[in-house]
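Below: one structure, written as structure tokens.
The values are calculated or read from the model by the stated rules, or taken from the named source; none is laboratory data. Just so you know, these numbers come straight off a predicted model, no measurement behind them. Methodologically, a virtual Cβ is constructed for each residue, glycine included, from the backbone with ideal geometry; neighbour enumeration extends over all protein chains shown.
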Amino acid sequence: MTDIIVYDPADFHVHLRQGQLSRLVTPHVAKGGFNLAYVMPNLKPPITTTDLALAYKQSLEAIDPNIEYLMTLYLSPELTPDEIRKAKKAGIVGVKSYPRGVTTNSDGGIESYEVYDPIFKAMEEEGLVLNLHGEVPSDPESNICVLNAEEKFLPHLVTLHRKFPKLRIVLEHATTRAAVETVKTLGDTVGCTITAHHLSLSVDDWAGQSFHFCKPVAKYPSDRRALQQVIYEGHPRFFLGSDSAPHPIVSKSTATPTEGCAAGVYTSPILLPLVAHLLESFGALDNLQAFVSGNGRRFYGRTRGKDSPKAVRVVREKSKVEAVSELDGIKVAPFWLGKELNFRLGSL
Ligand code: NCD
Ligand code: ZN
């Protein structure tokens, strides 16, 4: 088979960090073949206001001006309906909700949704998107742990959708069959992102391998199968959000008896060849364009890219994932380091 041309690839969930780490990883959006980045707000301190989001966007544009950055706010008690209206006017696209304590920089995350009803109402009116990290916090009393935290969250998704049927909601980085089935039953205002790594990993791959540890954790092989299947079917409300979440190698690899490793899998620099490789492995390569661009862009109303249409060539040629990137002593390692992909990016 010949090369594949993909138009306007868009990554609808990516962590571009701050400071030196941001300078190191932001250029990797383009390196991985993408020209749109939907940017997560879980910085230290989190991006809780329009002004912070605009300043963050400027800092990203100073690093790589050729990417279209769609900005988000971090859902927190500071947020007001007025701020939502201000955010909309400033071009901010979404609001990200992190349940408290479930993942990286989520200490300021939410404990209950009801208090945010006025915010959600304003978002519904203004057309901002609610991005949900869909896990409930672990709780030994209720037998909740990382393996069932997503499934236990799904009733919250259903309730939010019923209460605000016109609010566009994205269940981020789905990892379970239950999540896929739930999203399918909901209306057109509910979308769902799937990462590249969750199409590849299951529990056995991260238990004992810290570079495969992320939140939500990869689940059973049957869950992975459901994620693959919904892409194979070409369901229009499921699309790529890489959740590429770089951490310095030392934070991933130096677990001690008192401190665990950081959660996050880093896929940005190899993203498009990796997704092509994975989709081909389960017979869904024909849906590459829809999965990495069309479905997400339609959901977000961004069918035209910044300099549309931008074509990217994916060449069928074996390529080894070998780059550890480094800047000023900070090192990050990509997913699948040392492994071989069946594709590489080419020039047009
Ligand atoms: C993310 C990070 O490192 O910022 N980590 C992760 O495992 N996915 C946070 C998140 O999106 O949950
Ligand atoms: Zn994320």
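Here are the numbers:
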item	result
Boolean, Thr256 is within 16 Å of ligand 2 (Cβ to nearest atom) and farther than 20 Å from Asn148 by Cβ	no
Some residue of the range 103-122 being among the aliphatic types (A, V, I, L, M), assigned to a strand (DSSP E or B), buried (at least 19 other Cβ atoms within 10 Å of the Cβ) and within 21 Å of the chain's Cα centre (by Cα)	no
Qualifying positions in the range 119-175 - in contact (Cβ under 8 Å) with a residue 12 or more places away in the chain and over 30 Å from Thr267 (Cβ atoms)	Ile119, Phe120, Lys121, Ala122, Glu124, Glu126, Thr159, Lys163, Phe164, Pro165, Lys166
Residues (in contact (Cβ under 8 Å) with a residue 12 or more places away in the chain and surrounded by fewer than 24 Cβ atoms within 10 Å (Cβ to Cβ)) located in the range 194-215	Leu199, Ser200, Leu201, Ser202, Val203, Asp205, Trp206, Ser210, Phe211, His212, Phe213, Lys215
Those residues of the range 228-253 which are within 16 Å of ligand 2 (Cβ to nearest atom) and at pLDDT 95 or above, in sequence order	Phe239, Leu240, Gly241, Ser242, Asp243, Ser244, Ala245, Pro246, His247
Number of the exception - Leu271 against (1) buried (at least 22 other Cβ atoms within 10 Å of the Cβ); (2) within 16 Å of ligand 2 (Cβ to nearest atom); (3) over 15 Å from the mean Cα position of the chain (by Cα)	(3)
Whichever residue in the range 138-156 is more than 13 Å from ligand 1 (Cβ to nearest atom) and either in contact with a Leu (Cβ under 6 Å, 6 or more places away or on another chain) or not in a helix (DSSP H, G or I) (or both) and, among such residues, is farthest from Met71 (Cα to Cα)	Asn143
Condition check for Ser22: on the phi < 0 side of the Ramachandran plot, away from ligand 2 (no atom under 16 Å from the Cβ) and under 20 Å from the mean Cα position of the chain (by Cα)	no
Of all residues making up the range 320-348, the number that are small (Gly, Ala, Ser), in a strand (DSSP E or B) and within 23 Å of the chain's Cα centre (by Cα)	1
Selection from the range 8-22 of residues that are in contact with a helix residue (DSSP H, G or I) (Cβ under 6 Å, 6 or more places away or on another chain) and either away from ligand 1 (no atom under 14 Å from the Cβ) or polar (S, T, N, Q) (or both)	Asp8, Pro9, Ala10
